[in-house]
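A short write-up of the structure that comes next.
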Amino acid sequence: MCFLLFRTALARFRQAQLEEGKVKERRPFLASECNELPKAEKWRRQIIGEISKKVAQIQNAGLGEFRIRDLNDEINKLLREKGHWEYRIKELGGPDYARIGPKMLDHEGKEVPGNRGYKYFGAAKDLPGVRELFEKEPLPPPRKTRAELMKDIDAEYYGYRDEDDGILEPLEQEHEKKVIAEAVEKWKMEREARLARGEEEEEENIYAVHEEESDEEGAKEREGEDGQQKFIAHVPVPTQQEIEEALVRRKKMELLQKYASETLLAQSEEAKTLLGL
């Protein structure tokens with residue numbers, strides 16, 4: 001009997017405290033159990049306060065690795081719970097906090113690339129094994145389009161300006177002199193060797209054709225009286241004497257143009273005309 005009276009008195013005392021607001025009401029485990037919009041708003045604000053406290057605590061790197069990991073797990077759990085309450089508030093006719101609500105708490109955390117949902121806050125981002133997850137490989141340079149590549153193609157691209165820098169041409173001249181000197185030295189040694197053997201030096205016929213052909217008729221046409229292949233010219237080829245005479249005439253004309261006056265040149269041309277030259 002006394003026990004029943006004690007329980008009744010205790011229940012009345014508790015009910016009185018609830019009515020006066022002295023007893024702290026516990027937050028429902030499931031957001032779907034709450035059917036009142038003001039209470040849902042209150043539980044959301046309470047969760048935000050807890051998240052803020054834990055985010056401030058996790059900034060201290062001296063807490064130790066295990067405590068930091070536990071705090072980070074608790075923050076992620078509260079963030080998920082906040083999302084449930086925001087969804088419930090929207091169902092009860094309240095504002096859509098997922099769309100218009102502040103995102104400062106969410107922005108405090110950093111997601112691992114390729115793993116959406118779980119975030120790392122404060123000192124948790126510098127934990128062993130976590131720091132490496134945030135290190136991204138450098139992006140490859142963007143590929144150029146065909147139009148961008150064509151902009152760089154000019155005469156220099158094809159090597160037409162290689163001699164403009166004044167470096168390549170002296171090197172080529174030096175190499176050319178070296179090759180010529182080696183060829184001349186080789187020719188002198190071969191010539192001295194032939195003379196030492198008593199062989200008569202014969203001048204090479206530059207007009208001789210050494211190309212072998214299977215056409216017998218063509219070969220017969222190129223053969224001279226002595227059987228040596230001759231060069232068949234399809235255009236008139238001047239002789240050595242004609243070349244020398246042409247050079248002398250050209251030299252005379254240059255001297256006349258250099259030292260003679262216009263009157264002398266006119267008289268010279270008139271005399272040539274009269275003589276039929």
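The values are calculated or read from the model by the stated rules, or taken from the named source; none is laboratory data. Source: prediction; values computed, not measured. Neighbour counts run over all protein chains shown; Cβ positions are idealised from the backbone, glycine included. When the accessible area is computed, the model is the full protein with side chains, heavy atoms only, and any ligands, DNA or RNA have been set aside. Shrake-Rupley method; radii C 1.70, N 1.55, O 1.52, S 1.80 Å.
At what distance in angstrom do the alpha carbon centres of the stretch 161-192 and the stretch 41-72 lie from each other?
Computed from Cα coordinates, the inter-centre distance equals 82 Å.
Using 0.36 nm per residue, how much length does the chain from Leu195 to Ile167 gain when fully extended, once their Cα-Cα distance is taken away?
That pair, Leu195 and Ile167, stretches by 5.8 nm at full extension.
Longer than 24 Å from Cα to Cα, which of Lys188/Lys251; Lys42/Lys110; Lys54/Lys119 are they? Say none if no pair is. List each step's numbers first, then the result.
On the way: Lys188/Lys251 34 Å; Lys42/Lys110 27 Å; Lys54/Lys119 14 Å.
Where the Cα-Cα span goes over 24 Å, the pairs concerned are Lys188/Lys251; Lys42/Lys110.
Report the calculated FRET efficiency for Arg67 and Gln46 (r = Cβ-Cβ distance, R0 = 22 Å), to the nearest 0.05.
Using R0 = 22 Å, I get an efficiency of 0.45.
Probe radius 1.4 Å, ligands and nucleic acids left out: which of Phe121, Phe66 has the largest accessible area, and how do the rest follow?
Of Phe121, Phe66, the descending order of accessible area is Phe66, Phe121.
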